[in-house]
Amino acid sequence: MAKPPSKSVPKTVPDAASRAPRKSGRPTSAKPPRPRAKAAKPKIEPTPSPVVEAVQADSPPSPTPEPQPTSETPSFPFGDVGSEQRQMIESLSLNLARAAMTAQTAITEAALSQADRPAALSPDPFNVGPAMNSVMTSLASRPDRLFAAQADLFNRYMDLWATTTRRAAGDDTPPEPSKDKRFKDPAWSENPMFDMMRQSYLVTADWMNGLVSSVDDVDPLTKRRAEFFTKLLTDAFSPSNFLASNPAALKALAETNGESLVRGMQNFAADMERGAGKLKISQADYGQFVVGQNVATAPGQVVWRDELFELIQYDAATDKQRAIPLLIFPPWINKFYIMDLQPANSLIRWLSAQGFTVFVCSWVNPDRDKAEFGFDDYLDKGIYRAIEKVLEQTSGKHLNTVGYCIGGTLMGAALAHMAAKKDERVTATTFFAAQHDFAEAGDLLLFTDEHWLAQVEEQMEAAGGVLPGAAMAETFNALRANDLIWSFFVSNYLMGKSPAAFDLLFWNADQTRMPKRLHMDYLRSMYGQNRLSQGTFEIGGLTLDLSKVTIPLYFQASREDHIAPMNSVYRSARAFSNADVTLTLAGSGHIAGVINPPSANKYQHWINPALPATLAEWQAGAEEHPGSWWNHWADWLHDKSGDWVAARDPKSGPLSPIEPAPGSYVKVKS
């Protein structure tokens with residue numbers, strides 16, 4: 001085998017001893033490097049086989065080839081493989097630079113767009129500081145408990161180190177896969193380094209949250225505030241939320257030569273632009289949906305429109321319908337088409353197919369001109385006027401109603417108001433995830449102390465007397481940060497994936513504004529003072545008493561509801577102490593627990609005709625049934641809806657049709 005030529009040192013390069021010494025105290029400028037002779041590329045010749053050697057022995061010797069000049073660009077000594085590796089490294093470097101430039105440009109533009117805006121209202125808008133101070137003071141006063149907690153953390157880490165050491169020593173016992181969705185990628189368990197990182201984080205996060213929860217001598221709401229924001233903090237510091245510590249994101253980075261990160265930063269820049277300088281994380285591919293075209297498509301007509309709402313009557317789906325119509329009041333915080341996303345899961349279409357005449361109150365998306373609208377306006381110009389127009393359109397004297405979420409809160413207040421006036425036009429009412437007793441209203445209570453309300457009021461003043469739709473969206477997202485913030489942060493930005501075309505999340509992002517007077521009264525009177533259930537809430541010139549309501553009521557609660565917790569809904573049902581109340585508990589949460597068509601065969605529901613003192617007692621006596629609760633409700637509603645009559649045509653009633661459903665108000669963006 002030929003030996004590779006040895007490298008020669010060019011004579012033009014002097015040795016170190018011959019160089020002139022640098023003068024101290026004087027900076028020297030960089031000199032251009034002197035040219036060096038190119039070293040010949042080592043050539044590795046294959047060992048010839050015996051057959052080849054024999055042939056070469058009988059052949060005349062070939063002339064010695066002249067040495068060829070070397071290329072100016074040095075090549076890798078491994079042929080094509082080296083070239084591919086070099087190309088991959090160059091591509092990765094270029095993409096990392098592109099990603100960095102994209103992020104830097106987006107952040108710079110955001111900073112410039114925010115430069116002329118007022119500073120944040122408060123460095124601590126949620127008043128977390130005093131809550132954490134109370135918790136820390138309590139812990140400091142109990143050194144024995146603090147020492148025990150520290151010992152517990154030490155023992156947990158010793159167990160973790162022991163497990164990690166055994167695994168490093170060759171223990172083949174596979175680690176248990178994590179049930180936490182943040183760590184569903186197999187690398188979190190299979191790779192020892194990431195498994196150690198994951199378990200270390202979970203140990204620390206659980207310890208911190210447990211330490212705050214162990215405090216028992218502070219105000220319960222103060223403690224809950226500290227717990228809530230400690231959980232937000234520990235969720236934010238999950239290793240899954242950082243590129244360098246997320247194996248799935250690193251794998252995508254390597255497999256795409258950095259293109260995943262470029263796409264992620266492009267998504268980031270687009271969200272910054274969409275939020276006008278504030279990060280507004282996309283939860284769905286919003287361009288895939290158009291209201292009235294592929295969502296909110298149930299056929300019907302807008303038969304009434306005024307400054308506060310549009311009244312939609314939906315087409316009949318049967319030859320006969322129940323005599324008593326059904327009027328639905330959705331929440332004005334969101335838009336009504338959650339009940340009409342797709343034909344397969346449309347509650348509106350399903351009700352029409354059961355033979356009910358369905359009307360929906362589509363609230364206006366209020367602007368500055370509605371800043372002083374309050375509960376009185378929404379009662380008189382909303383509830384009462386809609387009832388009047390439905391009865392006019394159907395030539396009837398009675399109707400049934402549905403109140404969904406905050407729409408149900410207003411409807412419950414309206415029933416008490418009607419009871420005080422001896423108004424008997426509503427014969428039965430259904431409440432979806434609605435609260436009237438706010439004593440146990442969940443984590444939203446954390447956002448209703450006077451410190452925070454003052455911040456909200458100032459924010460609405462700055463916006464011209466309305467609460468921007470994004471403000472409520474941010475609050476609701478914070479209640480489920482891992483699902484509604486960090487999962488999209490990782491998927492959109494670290495993984496570089498495009499948001500999915502998900503109709504539910506498209507609707508979730510289609511928020512509405514809220515009038516200042518109405519919203520502040522709602523937060524203070526309901527969440528802050530619980531006046532409706534205590535009989536001190538005034539509306540329409542009367543003080544309301546829920547115990548005066550005697551009509552049949554159907555309450556639906558969801559077991560995992562984080563906005564209207566099941567215990568809060570149960571307390572609300574019992575607040576109507578003289579009404580004939582039926583309560584059903586559905587599986588899942590605030591949305592999926594309500595919008596669950598029977599055809600989906602999902603979740604379950606529980607029924608108990610009694611209404612004992614506590615939810616725990618009710619659950620102990622409840623009977624579980626598979627699937628949706630809609631059929632149970634429909635049976636109840638049929639019994640309250642009168643005889644069968646000829647199907648009604650929205651175009652043939654006393655009210656002239658204005659335009660097809662879903663109308664115009666629902667299409668107004670915030």
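A few notes on this one:
- Region 157-170, subset over 23 Å from ALA244 (Cα atoms) and surrounded by fewer than 11 Cβ atoms within 10 Å (Cβ to Cβ), residue modelled with the lowest pLDDT: GLY170
- Failed condition for PRO192, given (1) touching a Lys or Arg at 6+ places or on another chain (Cβ under 7 Å); (2) at pLDDT 95 or above; (3) open to solvent by 30 Å² or more (accessible area, probe 1.4 Å): (2)
- For region 177-185, the condition of being within 30 Å of GLU273 (Cα to Cα), open to solvent by less than 80 Å² (accessible area, probe 1.4 Å) and either in contact with a Leu (Cβ under 8 Å, 6 or more places away or on another chain) or of a type outside the set (Phe, Trp, Tyr) (or both) holds for at least one residue.
- Strands (runs of 3 or more DSSP E) fully within region 254-338 counting 2 or more residues that are touching a Leu at 6+ places or on another chain (Cβ under 6 Å): 300-305
- Of everything in region 195-228 that is among the hydrophobic types (A, V, I, L, M, F, W, C) and farther than 23 Å from ARG156 by Cβ, the residue that is most open to solvent (accessible area, probe 1.4 Å) is LEU221.
- Residue match in region 610-618 (condition: charged (D, E, K, R) and out of contact with any helix residue (DSSP H, G or I) (no Cβ under 8 Å at 6 or more places or on another chain)): yes
- Of all residues in region 589-610, those satisfying the criterion of being in a loop (DSSP other than H, G, I, E, B), farther than 15 Å from ASP561 by Cα and either open to solvent by 40 Å² or more (accessible area, probe 1.4 Å) or of a type in the set (Lys, Arg) (or both) are ASN601, LYS602, PRO609, ALA610.
- Just one of the listed residues (SER498, SER525, SER487, SER491) is touching a Phe, Trp or Tyr at 6+ places or on another chain (Cβ under 8 Å) and among the polar types (S, T, N, Q), and it is SER525.
- Unmet requirement for THR401, which otherwise passes all of (1) in contact (Cβ under 8 Å) with a residue 12 or more places away in the chain; (2) open to solvent by 20 Å² or more (accessible area, probe 1.4 Å); (3) not in a helix (DSSP H, G or I): (2)
- Checking each residue in region 545-588 for being over 21 Å from ALA478 (Cβ atoms), of a type in the set (Ser, Thr, Tyr) and either within 21 Å of the chain's Cα centre (by Cα) or not in a loop (DSSP other than H, G, I, E, B) (or both) picks out SER547, TYR554, TYR570, SER572, THR582, THR584.
- Residue within region 93-111 that is outside any helix (DSSP H, G or I) and without any contact (Cβ under 8 Å) to a residue 24 or more places away in the chain present: no
The values are calculated or read from the model by the stated rules, or taken from the named source; none is laboratory data. Note that the coordinates shown come from a computational prediction; the quantities given were computed from them, not determined experimentally. Virtual Cβ from ideal backbone geometry, glycine too; neighbours counted across all protein chains shown. Quick note on the areas: whole protein, heavy atoms, side chains included, nothing else; ligands and nucleic acids left out. Shrake-Rupley method; radii C 1.70, N 1.55, O 1.52, S 1.80 Å.
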